[in-house]
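The next block holds one structure in the form of structure tokens; read it before the comments.
The values are calculated or read from the model by the stated rules, or taken from the named source; none is laboratory data. In this text the structure is predicted, and so the values were computed from the model without any measurement. Reconstructed Cβ throughout: ideal geometry from the backbone, glycine too, with neighbour counts over all protein chains shown.
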Amino acid sequence: MHKSLCGLLLALALALPSAEGASQEIRALFQPDPSQPSRNVFINKTPNSGYCASYPGECADNGMFSIQLPIRFDATRALMAGEGIPIKVPANWRQLTVTNAETQETETVEVRVIGVGSTYVLSQPATELTGETEMLEGHRKLWTSNSWVNAPAPCLYSGVGAYGADYYRFFWKAPVEAACTKVAAFAIPTMSFDTLDFAYELRTPNPLGMSSGLYSGSMNYSIGLGGDFDLGPLMSPNDGALNLDFVLDVQHTLKVDLPPGGNKVMLEPEGGWMRWIDSGRKPTRIYRDQLFYISASSRFKVMMLCNSTGGTRCKLGSPQGNVTEVETFLTLPDGIGRTAGGEVKLLKLLYNTWVGPFQPTVYLDRKAGSLRFEMPKDAIDFLIRPGLSDTLSGNITIIWDSEV
């Protein structure tokens, strides 16, 4: 019996800033998990950098992933007391199309930025700018709404900040796409933000409905005044664009196993041959149900090959020249149905013809299905006649293929 395996991949790549803009690879992977068969989702495989790399517990608790990019913002002039620094990020869901390189099938991925952070660097220690003697108090008094661990509305507190004499690292949650502004309480001759950290969230397609292969696509963001990542008119970035390059990697499973000895099928009447021999009556049914165990996470199709002149019947024969015919019926376990809807119970297979596609609704791991091999009534009538004693045999091959 043919067994086929298939796969799908999601990936995303990082490059240094260039004239074309900074690029970042983000990876996501689908592999069916026998321990969680109903968990049909992509797993983000992009290594965290920046905030989530430093504070993994904070991000794990909030389902966040972060990326730190070497994009620097420098003040274009001194910041006066009462002036603010607004920070806005693309917090609304945005869609991009990813395309399978082999089949040209397309799917939709959605992404949004849900947090932003950096480290601000001052021209001199915060205590000198404010006249405070204690370092943390200097950072608190420098701004009208406490230190930068305290996010201004509509941004939200993330739980962590870090500081030195002339720098402060912060990270805010960004639930909506609106400016979050910190206002200076004292004049600051010059300052900068040394990196761009952001956290993101993904919505990915249902991998069970996707074909195997590589899906790729890009999301492009602008950086600077009026852009997607905007730190206001006083802060100038050293790069004006950010490209998120997605490549989806899905690794599907399609595997069919027979129990020991399951490749040899003996056809019998109900109750066995002796029951009918003893009764002297002709059997009304001659068949055998053969179990198989299927593991499947994606669409697949099925085809039957045998000695046949076409249609649903396969021939069995003997050296004596006797011939009979048998038909094959497919039953799939619950959780796999036709893509057009409906369960698969005793579906009659056709010679040299694909049937399907069949679609799992969840990942199935070694669930039982069956193949019924049964002689049609006219074949029984032709074969079972006085004086005939023979053994007839033949080969029937069932092909399972995930390349739909």
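Among the residues in region 216-224, are any without any contact (Cβ under 8 Å) to a residue 40 or more places away in the chain and in the same structural domain as ASN48 (by TED's automatic domain parsing)?
yes
Within region 128-143, which residues are among the hydroxyl-bearing types (Ser, Thr, Tyr) and under 17 Å from MET80 (Cα atoms)?
Result: THR130, single match.
Output the number of residues of region 250-293 satisfying the condition of being buried (at least 18 other Cβ atoms within 10 Å of the Cβ), within 30 Å of GLN104 (Cβ to Cβ) and either touching a Lys or Arg at 6+ places or on another chain (Cβ under 7 Å) or of a type in the set (Ser, Thr, Tyr) (or both).
Looking only at that region, the number is 2.
Return yes when ARG169 is charged (D, E, K, R) and over 25 Å from ASN238 (Cβ atoms) and no when it is not.
In short, no.
Name every residue in region 200-216 that is under 9 Å from the mean Cα position of the chain (by Cα), more than 12 Å from GLN251 (Cα to Cα) and buried (at least 18 other Cβ atoms within 10 Å of the Cβ), in order of residue number.
Scanning region 200-216 gives THR204, PRO205.
Within region 297-326, can you find the residues that are crowded, with 19+ Cβ neighbours inside 10 Å and touching a Lys or Arg at 6+ places or on another chain (Cβ under 6 Å)?
Matches in region 297-326: GLU325 only.
Identify the single condition in (1) in a loop (DSSP other than H, G, I, E, B); (2) closer than 23 Å to GLY240 by Cα; (3) not aliphatic (A, V, I, L, M) that GLY159 does not satisfy, given that it satisfies every other one.
(2)
Please find, among ALA379, ALA368, the residue that is assigned by TED's automatic domain parsing to the domain that holds ILE294, touching a residue at least 40 places away in the same chain (Cβ under 8 Å), in contact with a strand residue (DSSP E or B) (Cβ under 9 Å, 6 or more places away or on another chain) and not in a strand (DSSP E or B).
Step by step, each of ALA379, ALA368 is checked, and only ALA379 is assigned by TED's automatic domain parsing to the domain that holds ILE294, touching a residue at least 40 places away in the same chain (Cβ under 8 Å), in contact with a strand residue (DSSP E or B) (Cβ under 9 Å, 6 or more places away or on another chain) and not in a strand (DSSP E or B).
Does SER295 satisfy the condition of being more than 30 Å from GLN36 (Cβ to Cβ), part of a strand (DSSP E or B) and touching a strand residue (DSSP E or B) at 6+ places or on another chain (Cβ under 9 Å)?
No; evaluated as a whole, the condition is false for this residue.
Exactly one of (1) on the phi > 0 side of the Ramachandran plot; (2) of a type outside the set (Asp, Glu); (3) more than 25 Å from the chain's Cα centre (by Cα) is unmet by PRO260. Its number?
(1)
Just one of ASN243, ASN263, ASN238 is within 30 Å of LEU364 (Cβ to Cβ) and in contact (Cβ under 8 Å) with a residue 24 or more places away in the chain; which is it?
ASN263
Outside any helix (DSSP H, G or I), touching a Lys or Arg at 6+ places or on another chain (Cβ under 8 Å) and either more than 19 Å from ALA22 (Cβ to Cβ) or among the polar types (S, T, N, Q) (or both), is that true of GLU110?
The answer is yes for GLU110.
Among TRP148, TRP172, which is the only one that is part of a loop (DSSP other than H, G, I, E, B) and surrounded by 15 or more Cβ atoms within 10 Å (Cβ to Cβ)?
Numbers: TRP172 fails: part of a loop (DSSP other than H, G, I, E, B).
Going through TRP148, TRP172 in turn, just one is part of a loop (DSSP other than H, G, I, E, B) and surrounded by 15 or more Cβ atoms within 10 Å (Cβ to Cβ): TRP148.
Can you name the residue in region 273-313 that is among the basic types (Lys, Arg) and in contact (Cβ under 8 Å) with a residue 24 or more places away in the chain and is also farthest from GLN251 (Cα to Cα) among such residues?
Within region 273-313, the subset among the basic types (Lys, Arg) is 275, 281-282, 285, 288, 299, 301, 313.
Next, from what is left, pick out any that are in contact (Cβ under 8 Å) with a residue 24 or more places away in the chain: 282, 285, 288, 299, 301, 313.
Details: LYS282: 51, ARG285: 43, ARG288: 35, ARG299: 13, LYS301: 18, ARG313: 36 Å.
Here the answer is LYS282.
Answer yes or no as to whether GLU25 is at pLDDT below 85 and not aliphatic (A, V, I, L, M).
No.
Just for region 341-364: of the residues that are aromatic (Phe, Trp, Tyr) and under 25 Å from the mean Cα position of the chain (by Cα), which one is surrounded by the fewest Cβ atoms within 10 Å (Cβ to Cβ)?
That would be PHE358.
Select from region 175-194 the residues that are buried (at least 21 other Cβ atoms within 10 Å of the Cβ) and either more than 42 Å from the chain's Cα centre (by Cα) or aromatic (Phe, Trp, Tyr) (or both) and list them in ascending order.
ILE188, PHE193
For region 105-122, what are the residues that are within 18 Å of the chain's Cα centre (by Cα) and either over 19 Å from GLY224 (Cα atoms) or β-branched (Val, Ile, Thr) (or both)?
GLU105, THR106, GLU107, THR108, VAL109, GLU110, VAL111
Within region 199-271, which strands (runs of 3 or more DSSP E) (wholly inside it) include 3 or more residues that are farther than 19 Å from THR97 by Cβ and at pLDDT 95 or above?
Working: elements: 213-222, 235-237, 241-250, 254-257.
By residue number, 235-237.
Consider region 327-362. How many of its residues are aromatic (Phe, Trp, Tyr) and either touching a Cys at 6+ places or on another chain (Cβ under 8 Å) or over 14 Å from LYS301 (Cα atoms) (or both)? I'd like the intermediate steps shown before the answer.
Initially, region 327-362 is screened for residues aromatic (Phe, Trp, Tyr), giving 329, 351, 354, 358.
Those still in the list that are either touching a Cys at 6+ places or on another chain (Cβ under 8 Å) or over 14 Å from LYS301 (Cα atoms) (or both) too: 329, 351.
Here the count works out to 2.
Residues are listed down the side, and each one gets a yes or a no for (1) without any contact (Cβ under 8 Å) to a residue 12 or more places away in the chain; (2) of a type in the set (Val, Ile, Thr):
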| position | (1), (2) |
| --- | --- |
| THR108 | no, yes |
| GLY115 | no, no |
| THR119 | no, yes |
| THR127 | no, yes |
| GLU137 | yes, no |
| SER145 | no, no |
